[in-house]
Amino acid sequence: MDWKEVLRRRLATPDTGPNRLLKVAGEKQNRAEKKSEQELKDEEMDLFTKYYSEWKGGRKNTNEFYKTIPRFYYRLPAEDEVLLQKLREESRAVFLQRKSRELLDNEELQNLWFLLDKHQTPPMIGEEAMINYENFLKVGEKAGPKCKQFFTAKVFAKLLHTDSYGRISIMQFFNYVMRKVWLHQTRIGLSLYDVAGQGYLRESDLENYILELIPTLPQLDGLEKSFYSFYVCTAVRKFFFFLDPLRTGKIKIQDILACSFLDDLLELRDEELSKESQETNWFSAPSALRVYGQYLNLDKDHNGMLSKEELSRYGTATMTNVFLDRVFQECLTYDGEMDYKTYLDFVLALENRKEPAALQYIFKLLDIENKGYLNVFSLNYFFRAIQELMKIHGQDPVSFQDVKDEIFDMVKPKDPLKISLQDLINSNQGDTVTTILIDLNGFWTYENREALVANDNENSADLDDT
């Protein structure tokens, strides 16, 4: 038989040997595995559908509580909703009255001082009475429920310093209580002017607060009533310049309490406040009259506004035209002239150049490309005006390269080619850098600082000899 025929017959005959059985078994196993995968997918889909339906609330036995979102926003009454506004005002007034009754009054404070003095723990440190923790707790029990918040281990530990007997100063503790009571009283007083009841004051709210505060400040007795509006504007502007850097038109009551401005303002209650303290206090009558007087002196055409030419006489009249141009480009003006409120921002910035808010104000003016940083081009743009003024005054111009290197050495920015606002603040040289770039007199003072120091030393020596 031909081999081809044998091969053809073999291929046509079904394979019943062991290889064929193994092949069939493998196919059955594969089908079983495929079926299992499909079953798993079906099971997964069933579970997903079940849980998704429960989450969507499809099942009847779902807890009804989860179908309702709890209310977390309560809108303020509109202007035409008079009844709701009155209800809100009355409820806030009742709330603030309740908070006020929780504070210690003068009689209770005197009683607290009597108890502390009675339970002092010897020996005294000089003339300062001390109290240990055991007596501290005894006073807390006798002082009454209003004082309970002050007699805690945390407060005692906060006031405990280096006393070898583990005691605290009675005077320090009493001052701590007084300070807390004053802060809460002031918080309540400020909250009365918070028309929206949201924990912040708008400009008009703070104006009303200070206007009604004026009669209670003996140091302001000499102010004429016609000047009250200008005084209030002057005082309010300092709060908003430093506490509202983003110019949102409102400041948090917490921020007002945390800063020292309110302390400075209420310092005017002291009838014996020294002349030096009044001169350094922005809120004093002499300071307010000085600032307003300068504004009137600059206003040569007496229209109540300042032009660029009029503002150029500010201070020593040595600010560059380039800087003044930027002031009138960036700041709020009316037909190209500056009002008193904008002038106050200008004065606060230049008189407090070490403060971050003041540096932010000046940095915005120096950042002519609005890139958020000062580069060599920006520095050269402003210093060129200083060089021109030096030529006009018969001085030899200083090389920009030298000044640029000095500025970058002083600031030490993170990026060696750019100076950011944060770089200026961190360097503690922001006031010097800005003065060099905007004011010829300031640059001259910086450039001749060593000679000026030497002259001061010589003058001091001469005074000592006499």
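Suppose the Debye formula is applied to equal point scatterers at every Cα of the chain; what is log10 I(q)/I(0) at q = 0.08, 0.12, 0.13, 0.14 Å⁻¹? Summing over Cα pairs of the chain leads to -0.78, -1.21, -1.27, -1.34. Per-residue ellipticity at 222 nm, computed for the chain from helices alone with -39500 (n - 2.57) per DSSP H run of at least four residues, works out to -19500 deg cm²/dmol. Inverting the pair-averaged 1/r between distinct Cα atoms of segment 133-213 gives 15.2 Å as its Kirkwood hydrodynamic radius.
Shape class of segment 221-271 from the Cα gyration tensor (axes a ≥ b ≥ c, square roots of the eigenvalues): oblate, since a/c reaches 1.5 or more and a/b does not exceed b/c. Taking only the Cα atoms of segment 81-193, the ratio Rg/Rh comes out at 1.14, with Rh defined as the Kirkwood radius. Accessible area per residue for segment 319-453, computed on protein heavy atoms with a 1.4 Å probe, is 49 Å².
Magnitude of the charge dipole for the chain, about its Cα centre and with charges confined to Cβ atoms of Lys, Arg (+1) and Asp, Glu (-1), is about 4100 debye. When only Cα pairs below 8 angstrom with a gap of at least 6 residues are kept, segment 197-289 shows a relative contact order of 37 percent.
Counting each pair of different Cα atoms once, what's the Kirkwood radius of segment 201-286 in Å, rounded to one decimal?
Averaging 1/r across every pair of different Cα atoms and inverting gives 13.3 Å.
With each label modelled as a point 7 angstrom along the Cα→C-beta vector, the Glu351-Gln85 pair spans 3.7 nm. Its relative contact order, with pairs defined as Cα atoms under 8 Å and 6+ residues apart, puts the chain at 8 percent. Which percent of the accessible area of segment 340-442 is formed by carbon and sulfur heavy atoms (probe 1.4 angstrom)? Here it works out to 48 percent. Rounded to the nearest 20 debye, the dipole magnitude of segment 319-453 is 280 debye, with +1 charges on Lys and Arg beta carbons, -1 on Asp and Glu beta carbons, and the Cα centre as origin. Split the accessible area of segment 197-289 by element, probe 1.4 Å, and carbon with sulfur accounts for 48%. Hydrodynamic estimate: the Kirkwood radius of segment 278-367 over Cα pairs, inserted into Stokes-Einstein at 10 °C and 1.306 mPa s, corresponds to D of 116 µm²/s. Each of the GluC sites (Glu not before Pro) that DSSP puts in a loop and that has at most 10 other Cβ atoms within 10 Å breaks the chain; the longest unbroken stretch is 273-466. With coordinates expressed along the principal axes, the C-alpha atoms belonging to segment 319-453 extend over 41, 38, 29 Å, beginning with the largest. For Met338, the residues 5 or more places off, or on other chains, whose built amide H falls under 5 Å of its own are Leu306, Ser307. Scanning the chain for chymotrypsin sites (Phe, Trp or Tyr not before Pro) lying in DSSP loops with no more than 13 further Cβ atoms inside 10 Å, the longest uninterrupted stretch between such sites is 166-466.
Largest accessible area first, the listed residues His119, His302, His161 line up as His302, His161, His119 when surface is computed with a 1.4 Å probe on the assembled protein chains.
The values are calculated or read from the model by the stated rules, or taken from the named source; none is laboratory data. Bear in mind the structure is a predicted one, so any value in this text is a computation, not a measurement. In this analysis, Cβ positions are derived from the backbone assuming ideal geometry, glycine residues included, and neighbour counts consider all displayed protein chains. To get the accessible areas, we keep the full protein, side chains included, count just its heavy atoms, and leave off ligands, DNA and RNA. Shrake-Rupley method; radii C 1.70, N 1.55, O 1.52, S 1.80 Å.
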